[in-house]
1. Test Phe100 against the stated conditions and say whether it is part of a strand (DSSP E or B) and either in contact (Cβ under 8 Å) with a residue 12 or more places away in the chain or in the same structural domain as His366 (by TED's automatic domain parsing) (or both).
2. Considering the stretch 23-37 alone, what residues qualify as being surrounded by fewer than 19 Cβ atoms within 10 Å (Cβ to Cβ) and either of a type in the set (A, V, I, L, M) or touching a residue at least 24 places away in the same chain (Cβ under 8 Å) (or both)?
3. So which of Phe351, Phe377 ends up being aromatic (Phe, Trp, Tyr), at pLDDT 95 or above and within 16 Å of the ligand (Cβ to nearest atom)?
4. Sort through Ala145, Ala154, Ala175 and tell me the only one that's surrounded by 15 or more Cβ atoms within 10 Å (Cβ to Cβ), more than 16 Å from the ligand (Cβ to nearest atom) and either part of a helix (DSSP H, G or I) or of a type in the set (Asp, Glu) (or both).
5. If you take the residues of the stretch 300-336 that are assigned to a helix (DSSP H, G or I) and of a type in the set (A, V, I, L, M), which of them is nearest to Ala364 (Cα to Cα)?
6. Since Val266 meets every condition but one in (1) aliphatic (A, V, I, L, M); (2) buried (at least 21 other Cβ atoms within 10 Å of the Cβ); (3) closer than 24 Å to Met332 by Cα, which condition does it not meet?
7. Would you tally the residues in the stretch 274-299 being assigned to a strand (DSSP E or B) and not basic (Lys, Arg)?
8. Within the stretch 194-235, can you find the residues that are in contact with a His (Cβ under 9 Å, 6 or more places away or on another chain) and assigned to a strand (DSSP E or B)?
Amino acid sequence: MTVTISAAINSDRLWQRHMDMAEIGATQAGGVHRLALTDEDIEAHKLLMQWASTRGFSVELDAIGNMFIRRQGRDPSLAPVASGSHTDTQPKGGRFDGIFGVLAAFEALEAIDDAGIKTERPIEVIAWNNEEGPRFVPACMGSAAYAGVEPLDAMLASQDPDGISMGECVEALKAAMPEAGVRRLGAPLHSFVEAHIEQGVELEANGNTIGIVTGMQGYRRFRVTVTGEDAHSGTTPRSRRRDSFVAATDMAVALRALLWDNEDIVRFTIGRFEVFPCGISVVPGRVEFTIDLRHPVAETLHTLGDRISDICAAHAGPCEVKVREFINSDPMAFPDSMVSQIETAANRRGFAHQRIYSAASHDARHISTLCPAGMIFIPCWRGISHNEAERAEPEDIAAAAQIIADLFVELGNA
Ligand SMILES: [Zn+2]
């Protein structure tokens, strides 16, 4: 079937939905603080549910709390075409990371509904649960569970710093949405597209509206525990100290040297560094820190990551060190068929576009193991993200929604 009806995106409605969502967990500086499955995040899910119900779209939740909003197809037994992202934010995050991909897909659903277009397949908006990961580890948990990349039980057992489990929170979400049906984890999807802000500066620098994502760089994450001995800071001479802070900072300096590249392609971050017992007059007996290492080339990622443990051991001094790797994910590429289909849609609509590589990781990584998947980026101001100042433009947001609508109709009849 050829597409003859054009589903028109309502840019004002789409922008207003962003502003309504941004009120849930709004911060004083104009950002959003809405960690996964907090009261605020559950409220965001309920607002989505309310909008869906008003349109007569059905809603389902799965065992990890992913949310599926469906506009039924002519043949309900066919696997749906889906698009979406996440509702949660980083601590003091922005108004667009994640939620934009959900709302753009929802606008596409509404526009198709307004235009009275029928699709063979059902079309769906998905809000993947716990994408960001600061409250429950690992990040991208909802999509990982759905794709079967990680075992469900381990993820439901994951606890936040207050000892509340992911499982308890998923139950709270279900209780808050009693009207929602049940989706089986891993139920087939025909295809999946995720729209997201770029979180980089390439689109803005090139004056392009749409980035067609070709793939994502790989990443490895490590947790390092350095153990020394608590001691009195006044009475303990240097020769008798087992100062975990000194050892950990030596490791950090050595790691930075190891991972330094003139091309500036390696991404090496120590994002969490905790000192115990954390008293002004106590030589610290324990330090825990994290390492986040990313690279687009699998071989380099393997080689560099494999040296971290030895470097830490070589700089432990009188302390002991344990390095535990908890994520190891290779670089990935989206299928050419999806890349060129998105490109064709952007061409047809006359949006300035380019192919782009994603330096960040997204839910589409896991879902691409389940069905053909692709991603659409739009510019965000100065590349600022995971920050209250994050900004995206209404016309770029609407452009992405238009492409999703076009793909929904095309793939929904494929
Ligand atoms: Zn995101």
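1. No.
2. If the condition is that a residue be surrounded by fewer than 19 Cβ atoms within 10 Å (Cβ to Cβ) and either of a type in the set (A, V, I, L, M) or touching a residue at least 24 places away in the same chain (Cβ under 8 Å) (or both), then Ala26, Thr27, Ala29, Gly30, His33 are the ones that fit.
3. Among Phe351, Phe377, only Phe377 is aromatic (Phe, Trp, Tyr), at pLDDT 95 or above and within 16 Å of the ligand (Cβ to nearest atom).
4. Ala145
5. Restricting to residues being assigned to a helix (DSSP H, G or I) and of a type in the set (A, V, I, L, M), the top hit is Leu301.
6. The one condition Val266 does not meet is (2).
7. 13
8. Listed by number, the residues that qualify are Glu194, His196, Ile210, Gly211, Ile212, Val213, Met216, Gly218, Tyr219, Arg220.
The values are calculated or read from the model by the stated rules, or taken from the named source; none is laboratory data. These figures come from a predicted structure and were not determined experimentally. Because the Cβ atoms are built from the backbone with ideal geometry, glycine has one as well, and the counts that use them run over all protein chains shown.
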